[in-house]
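Enquirer: To start, I am sharing the structure in question, which I have written as structure tokens.
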Amino acid sequence: MEIISHLADGLWLSVQPVNLLMIIIGVTVGLFIGAMPGLGSVNGVAILLPITFLVPPASAIIFLAAIYYGAMYGGAISSITLGIPGASTAVATTFDGRPLALQGRARLALVIAAIASFAGGTVSVVLFTGFAPLLASVALSFGPPEIFALMLLAFATFVGLGSDDIPKTIFSICVGLVLAAVGYDEISGAPRLVFFGIPGFLHGVNFLVLAIGVYGIGEMIWTIDSTRGKISSTEADMTIKGTVEDARECVQRGWKGMTIGSLLGFFVGILPAAGATPGALMAYGVAKMLSRNPKAFGHGHPNGVSAPESANNSASTGSMLPMLTLGIPGSPTTAILLGGMVIWGLTPGPRLFIDQPAFVWGLIGSFYVSNFFALVVNLAFIPLFIWMLRMPFTILAPMIFVLSVVGGYAATTDMHDVWLMLGFGLGAFILRKLDYPLAPAVLAIVLGPLAEQSLRQSLLMSQGEMSIFFTRPLSLIFLICGAALFCTPFVIAWRRRERSAVATEIAE
Amino acid sequence: MRRAELITAIVLALFSIYVMWKSSELNVGYISGEGPGGGAWPFWLAAVMLISTGFIAFNWARRTSPPSQSGEPLLDSYGRKMLLMVGGGILGFVALVNVISMYGAMLVFLIYYLRFLGRHTWRLTLAVSILTPVIFFIFFEALMRITLPKGMKFLEPLFNWLNTLIY
């Protein structure tokens with residue numbers, strides 16, 4: 001029962017005044033960020049990370065985790081009232097949330113989203129508390145080969161579950177890894193990849209420069225280009241009596257989706273690099289598949305809202321599990337959190353549970369508290385968020401640009417990095433328009449140094465023999481899982497072609 | 001978009017070749033008994049990048065990826081104008097930082113964006129444009145003790161005076 005006493009300590013830590021304040025501000029900011037189309041948890045965390053250096057690391061990560069949570073709740077608000085997903089994690093919520101709003105039941109959809117998010121968050125945090133110490137103790141035995149195999153698994157997840165163009169995904173991963181290799185070669189100490197001899201590259205490319213460039217500048221320009229400022233919103237009449245009635249209806253008609261979403265989301269979240277977006281989409285798919293009335297999905301079925309909404313919250317908690325226990329982020333947002341932890345001088349990975357128990361359990365405790373506050377703030381302020389969504393984008397966008405430029409500078413205090421960030425931002429806009437996924441690049445730049453180090457250390461251990469990755473059982477298991485994930489889209493495409501070939505044969 | 005898809009693939013392929021060439025300044029070979037040399041990791045990653053761009057070009061020729069089927073331009077007239085005004089604005093903002101300090105550049109950028117792109121009233125424009133640098137100054141210089149660029153020499157007296165207020 002060691003876990004319970006740790007958890008009690010953690011809960012106590014997370015309700016300390018500074019941390020509680022961070023949680024409340026964090027979930028509110030997160031709700032807003034999630035609700036604004038074009039901004040998601042990853043944008044918020046990337047842009048705001050540089051300003052959290054003001055508070056101690058534990059409070060800073062609690063703040064950022066609260067933003068992550070809040071954004072999962074907030075994404076639903078614009079999916080339902082505007083029909084535009086507030087974040088990629090809320091894409092699946094528009095499928096049934098928007099039809100409900102158009103039928104005049106926006107309040108029901110919003111209440112379902114809030115309650116399902118809470119259910120998903122709670123189920124996953126309980127699972128998290130049980131699994132985390134166990135996984136951390138297993139991970140203590142990991143050597144460099146296991147870590148490298150795990151990285152390959154993370155990258156294979158992007159190819160397997162990312163549902164993006166495969167060559168473009170692979171390109172994106174490799175670009176991130178190459179950018180991480182800029183600076184010095186760690187083993188020989190020789191300068192490496194100093195592009196065009198510019199000395200600014202000697203200190204490497206900070207992951208925040210890429211993350212802020214992609215999410216602060218590139219995505220904002222993309223949003224301005226794709227929405228063209230034309231947004232129409234649906235009203236929701238939020239009375240207390242109505243909310244309570246809708247909450248009852250939500251539990252009666254949406255419990256199935258919530259159960260599926262909470263459990264599935266957590267396990268998809270744990271997969272390295274998968275995160276909340278595939279979690280929500282898969283939960284929607286499974287809920288539809290298992291439903292007695294799958295045809296009602298897409299026309300405003302409560303389970304179509306509750307499944308993805310519980311899954312995205314559940315997955316966001318789940319994705320913290322590999323980040324804390326293995327040092328491998330479970331999603332793009334946790335990749336940025338991981339980079340932040342390194343800046344704060346904390347080494348993510350299994351040792352964290354032994355060396356920094358107060359930090360780890362304080363963070364876990366804050367998940368419980370954040371989840372509660374996100375529900376309360378969300379339900380209480382829905383009308384306010386809908387009002388804020390009408391704020392012209394021409395005020396929000398320049399503020400984001402200013403924050404990005406300042407954040408890019410504050411990360412390294414070098415103007416070279418601000419120019420680089422701007423370059424990444426404009427490049428990201430063009431690549432985004434051409435369907436290149438960019439999250440893999442951000443994840444790869446965070447993992448890059450560890451990936452190279454673990455590869456080269458493994459090969460030093462084995463005196464240059466590649467077989468080291470296949471002879472150690474855990475490493476072999478990770479590689480097999482990675483290979484299976486990598487092949488999934490090819491197998492699906494092949495089977496589809498096969499089936500359509502059979503269909504044409506029958507038709508003939 | 002069809003043309004942009006191919007041009008981008010070619011540019012990215014050239015970049016990959018440049019990275020491979022740049023990596024080869026270090027040992028890209030396999031040192032027996034020790035593993036890969038210092039340049040091998042980025043060299044082979046860039047090789048994978050090059051192969052990926054080859055596949056992207058192949059998919060372009062087969063017209064299987066969505067951008068390669070699309071007859072729309074990458075940027076229509078709205079997109080071109082937007083990119084020029086917004087991207088150019090940020091470019092000007094960053095260029096001004098070393099001249100009139102981060103705070104001054106912020107002020108100019110916000111006035112430009114809010115008034116000339118957003119067409120907001122002068123009252124709102126000035127309120128946001130003046131308050132933002134003030135808040136940033138208090139936050140970074142006074143609370144976090146991170147100094148942002150102060151621009152050229154002629155602004156020194158102003159910042160010296162501001163520093164006496166916060167220190």
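Enquirer: Given the structure, is A:Ile51 outside any helix (DSSP H, G or I) and surrounded by fewer than 24 Cβ atoms within 10 Å (Cβ to Cβ)?
Expert: Working: outside any helix (DSSP H, G or I): no; surrounded by fewer than 24 Cβ atoms within 10 Å (Cβ to Cβ): yes.
No; evaluated as a whole, the condition is false for this residue.
Enquirer: With respect to A:Thr471, is the statement that it is over 22 Å from the mean Cα position of the chain (by Cα) and under 19 Å from A:Leu49 (Cα atoms) true? So that I can check it myself, show each step before the final result.
Expert: Values: over 22 Å from the mean Cα position of the chain (by Cα): yes; under 19 Å from A:Leu49 (Cα atoms): no.
Judged against the criteria, A:Thr471 is not a match.
Enquirer: From A:Phe155, A:Phe142, A:Phe207, A:Phe171, which residue is touching a Ser or Thr at 6+ places or on another chain (Cβ under 7 Å) and under 26 Å from A:Leu459 (Cβ atoms)?
Expert: A:Phe171
Enquirer: Which ones in segment B:15-31 are surrounded by fewer than 17 Cβ atoms within 10 Å (Cβ to Cβ) and either at pLDDT 85 or above or more than 9 Å from every other protein chain (Cβ to nearest Cβ) (or both)?
Expert: Kept after step one, since they are surrounded by fewer than 17 Cβ atoms within 10 Å (Cβ to Cβ), are these residues of segment B:15-31: B:17-18, B:21, B:24-25, B:29-31.
B:Ile17, B:Tyr18, B:Trp21, B:Ser24, B:Glu25, B:Gly29 - these are the residues of segment B:15-31 that are surrounded by fewer than 17 Cβ atoms within 10 Å (Cβ to Cβ) and either at pLDDT 85 or above or more than 9 Å from every other protein chain (Cβ to nearest Cβ) (or both).
Enquirer: Could you run through segment A:474-487 and say how many residues are surrounded by 16 or more Cβ atoms within 10 Å (Cβ to Cβ) and under 23 Å from the mean Cα position of the chain (by Cα)? If you could, list the steps in order and put the result at the bottom.
Expert: To start, the set of residues in segment A:474-487 that are surrounded by 16 or more Cβ atoms within 10 Å (Cβ to Cβ) comprises A:474-475, A:478-479, A:481-482, A:485-486.
Then drop every residue that is not under 23 Å from the mean Cα position of the chain (by Cα), which leaves A:478, A:481-482, A:485-486.
Of the residues in that region, 5 qualify.
Enquirer: Further, regarding this structure: Is it the case that B:Phe43 is within 30 Å of A:Gln463 (Cα to Cα), at pLDDT below 95 and facing chain A (nearest Cβ under 10 Å)? Steps first, please.
Expert: Working: within 30 Å of A:Gln463 (Cα to Cα): yes; at pLDDT below 95: yes; facing chain A (nearest Cβ under 10 Å): yes.
Judged against the criteria, B:Phe43 is a match.
Enquirer: Next up: For segment B:13-34, enumerate the residues that are part of a strand (DSSP E or B) and hydrophobic (A, V, I, L, M, F, W, C). Let's see the steps before the verdict.
Expert: Let us first name the residues in segment B:13-34 that are part of a strand (DSSP E or B), namely B:30-31.
B:Ile31, the sole residue that qualifies.
Enquirer: Here's something else I'd like to know. Restricting to segment A:373-415, and then to whatever is aromatic (Phe, Trp, Tyr) and without any contact (Cβ under 8 Å) to a residue 40 or more places away in the chain, can you tell me which residue is surrounded by the fewest Cβ atoms within 10 Å (Cβ to Cβ)? So that I can check it myself, show each step before the final result.
Expert: If we filter segment A:373-415 for residues that are aromatic (Phe, Trp, Tyr), which is where we start, we get A:373, A:381, A:385, A:387, A:393, A:401, A:409.
In the following step, the residues that additionally are without any contact (Cβ under 8 Å) to a residue 40 or more places away in the chain were identified as A:387, A:409.
On the way: A:Trp387: 11, A:Tyr409: 24.
Checked segment A:373-415; the qualifying residue surrounded by the fewest Cβ atoms within 10 Å (Cβ to Cβ) is A:Trp387.
Enquirer: Of the residues that sit in segment A:23-47 and are free of Cβ contacts under 8 Å to residues at least 60 places away in the same chain and among the aliphatic types (A, V, I, L, M), which one is surrounded by the fewest Cβ atoms within 10 Å (Cβ to Cβ)?
Expert: The extreme case among them is A:Ile25.
Enquirer: Can you pull out the residues in segment A:407-461 that are of a type in the set (Lys, Arg) and facing chain B (nearest Cβ under 9 Å)?
Expert: Of segment A:407-461, the ones of a type in the set (Lys, Arg) are A:432-433, A:456.
Within segment A:407-461, A:Lys433, A:Arg456 qualify.
Enquirer: Another one. Looking at (1) touching a strand residue (DSSP E or B) at 6+ places or on another chain (Cβ under 9 Å); (2) under 27 Å from A:Leu379 (Cα atoms); (3) of a type in the set (A, V, I, L, M, F, W, C), find the lone condition where A:Phe201 falls short.
Expert: (2)
Enquirer: Does A:Pro17 satisfy the condition of being on the phi < 0 side of the Ramachandran plot, at pLDDT 85 or above and either in contact with a Leu (Cβ under 9 Å, 6 or more places away or on another chain) or not hydrophobic (A, V, I, L, M, F, W, C) (or both)? Full working, then the answer.
Expert: On the way: on the phi < 0 side of the Ramachandran plot: yes; at pLDDT 85 or above: yes; either in contact with a Leu (Cβ under 9 Å, 6 or more places away or on another chain) or not hydrophobic (A, V, I, L, M, F, W, C) (or both): yes.
When the stated conditions are applied, A:Pro17 passes them.
Enquirer: Which condition from (1) part of a helix (DSSP H, G or I); (2) under 20 Å from the mean Cα position of the chain (by Cα); (3) facing chain A (nearest Cβ under 8 Å); (4) within 30 Å of A:Ala180 (Cα to Cα) is the one that B:Leu74 breaks?
Expert: (1)
Enquirer: State whether one or more residues within segment A:352-370 are among the polar types (S, T, N, Q), crowded, with 24+ Cβ neighbours inside 10 Å, within 24 Å of A:Ser141 (Cβ to Cβ) and under 17 Å from the mean Cα position of the chain (by Cα). Walk me through how you get there before you give the answer.
Expert: Narrowing segment A:352-370 to residues among the polar types (S, T, N, Q): A:356, A:366, A:370.
Cutting the leftovers down to crowded, with 24+ Cβ neighbours inside 10 Å gives us A:366, A:370.
Filter once more, so that each one left must be within 24 Å of A:Ser141 (Cβ to Cβ): none.
Taking every residue of segment A:352-370 in turn, none turns out to be among the polar types (S, T, N, Q), crowded, with 24+ Cβ neighbours inside 10 Å, within 24 Å of A:Ser141 (Cβ to Cβ) and under 17 Å from the mean Cα position of the chain (by Cα).
Enquirer: Only one of (1) over 25 Å from B:Tyr78 (Cβ atoms); (2) more than 8 Å from chain A (Cβ to nearest Cβ) fails for B:Leu148. Which number is that?
Expert: (2)
Enquirer: Of all residues in segment B:58-68, how many are facing chain A (nearest Cβ under 9 Å), in a helix (DSSP H, G or I) and crowded, with 17+ Cβ neighbours inside 10 Å?
Expert: 2
Enquirer: Quick one: in segment A:425-443, which of the residues that are of a type in the set (A, V, I, L, M, F, W, C) and at pLDDT 90 or above is farthest from A:Ile47 (Cα to Cα)?
Expert: Keep residues of segment A:425-443 that are of a type in the set (A, V, I, L, M, F, W, C), which gives A:426, A:428-431, A:434, A:438-439, A:441-443.
Checking which are at pLDDT 90 or above leaves us with A:426, A:428-431, A:434, A:441.
On the way: A:Leu426: 17, A:Ala428: 16, A:Phe429: 17, A:Ile430: 21, A:Leu431: 20, A:Leu434: 24, A:Ala441: 17 Å.
Checking each candidate, the answer is A:Leu434.
Enquirer: What's the total number of residues in segment A:1-27 that are more than 23 Å from the chain's Cα centre (by Cα), under 15 Å from A:Ile364 (Cβ atoms) and hydrophobic (A, V, I, L, M, F, W, C)?
Expert: 8
Enquirer: For segment B:121-148, how many residues are modelled with pLDDT under 90, assigned to a loop (DSSP other than H, G, I, E, B) and of a type outside the set (A, V, I, L, M)?
Expert: The number of residues fulfilling the criteria is 2.
Enquirer: For a quick check of your reading of the model, give me the residue pairs whose first member lies in segment A:156-168 and is on the phi > 0 side of the Ramachandran plot, whose second is crowded, with 24+ Cβ neighbours inside 10 Å, with beta-carbon atoms closer than 8 Å and at least 6 apart or on different chains.
Expert: A:Ser163/A:Pro278
Enquirer: Among what's in segment B:92-134 and is free of Cβ contacts under 8 Å to residues at least 12 places away in the same chain and either within 23 Å of A:Asp417 (Cβ to Cβ) or of a type in the set (S, T, N, Q) (or both), pick the residue that is nearest to the other protein chains (Cβ to nearest Cβ).
Expert: B:Val94
Enquirer: Among (1) at the interface with another protein chain (Cβ under 9 Å from one of its Cβ atoms); (2) farther than 30 Å from A:Ser454 by Cα; (3) of a type in the set (Asp, Glu); (4) out of contact with any Ser or Thr (no Cβ under 8 Å at 6 or more places or on another chain), there is one condition B:Glu34 misses while meeting the rest; what is its number?
Expert: The one condition B:Glu34 does not meet is (2).
The values are calculated or read from the model by the stated rules, or taken from the named source; none is laboratory data. Note that the structure is a prediction, hence the values are computed from the model and not measured. A quick note on method: Cβ atoms are made from the backbone with ideal geometry, for glycine too, and the neighbour counts reach across all protein chains shown.
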